[in-house]
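The values are calculated or read from the model by the stated rules, or taken from the named source; none is laboratory data. Quick caveat, the model's predicted, so the values are computed rather than measured. Using ideal geometry, Cβ is built from the backbone for each residue, glycine included, and neighbour counts are taken over all protein chains shown. These accessible areas exclude ligands, DNA and RNA; they are computed on the full protein's heavy atoms, side chains included. Shrake-Rupley method; radii C 1.70, N 1.55, O 1.52, S 1.80 Å.
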Amino acid sequence: MTQAPKPKHSFDLEERTLEFAKEVIRLCKQLPQNVINKEIISQLIRASGSVGANYREANDALSKKDFNHRIKITRKESKETYYWLELLHEANPEYKEEINKLSGEALELKKIFSSIADKSS
C-alpha cells in the first residue's frame, strides 16, 4: 500500500513551523558573512525559530487564556520574521527567489495564526 503524497503545506503546524525555521537556517548558511548579514541573520533565526517554539507552547497551554496569549505571540513572531526577511532581501537582492519563498510562508503562517487567534478569542 502506497502513501498518499503530502500536500504542499502540511496541516501539522508543529512540523510546518519546524520545517520553516530549518529552511531559514539553510538559506542563512548560504549567505555571505558580513557585518550586515550577521545582524539580520541573528534576528531572523531567532524570530523564525520562535514561531514554532511558541506554537508548541500554545499546544501545551494550561488554559484558554494561556493558549490565546501564545498564539498571539506566534502571530507576532511570524510578522517579525517577515520583517527580517524584507531586510535580508535588501541586503542580498541576488537571493530574491529564495527569500520570497520564505516571505510567502511567513505571511501564510501569520494569516493562519491570526485566524486561530480570532477564533479562539
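Key figures for this structure:
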{"quantity": "Test set (1) free of Cβ contacts under 8 Å to residues at least 60 places away in the same chain; (2) over 18 Å from ASP12 (Cβ atoms); (3) open to solvent by 90 Å² or more (accessible area, probe 1.4 Å) - GLN43 fails condition number", "calculated": "(3)"}
{"quantity": "Inter-residue pairs, beta-carbon under 6 Å, first closer than 23 Å to PRO93 by Cβ and in segment 103-121, second exposed (fewer than 12 other Cβ atoms within 10 Å of the Cβ) and of a type in the set (Asp, Glu), 6+ apart", "calculated": "none"}
{"quantity": "Pair list, Cβ under 7 Å, 6 or more apart: segment 83-100 residue of a type in the set (Val, Ile, Thr), other residue open to solvent by less than 40 Å² (accessible area, probe 1.4 Å) and modelled with pLDDT of 95 or more", "calculated": "ILE99/LEU85; ILE99/LEU88"}
{"quantity": "Those residues of segment 81-99 which are open to solvent by 80 Å² or more (accessible area, probe 1.4 Å) and either in contact with a strand residue (DSSP E or B) (Cβ under 9 Å, 6 or more places away or on another chain) or not aromatic (Phe, Trp, Tyr) (or both), in sequence order", "calculated": "GLU86, GLU90, GLU94, LYS96, GLU97"}
{"quantity": "Matching option when the condition is over 17 Å from the mean Cα position of the chain (by Cα) and open to solvent by less than 80 Å² (accessible area, probe 1.4 Å), among ASN59, ASN34", "calculated": "ASN34"}
{"quantity": "Segment 19-31, residues that are assigned to a helix (DSSP H, G or I), open to solvent by less than 30 Å² (accessible area, probe 1.4 Å) and not β-branched (Val, Ile, Thr)", "calculated": "PHE20, ALA21, LEU27, CYS28"}
{"quantity": "Condition met for SER78 (of a type in the set (Ser, Thr, Tyr) and either open to solvent by less than 30 Å² (accessible area, probe 1.4 Å) or touching a residue at least 60 places away in the same chain (Cβ under 8 Å) (or both))", "calculated": "yes"}
{"quantity": "Residues that are among the polar types (S, T, N, Q) and farther than 30 Å from LYS38 by Cβ, drawn from segment 62-121", "calculated": "SER63, ASN68, SER114, SER115, SER120, SER121"}
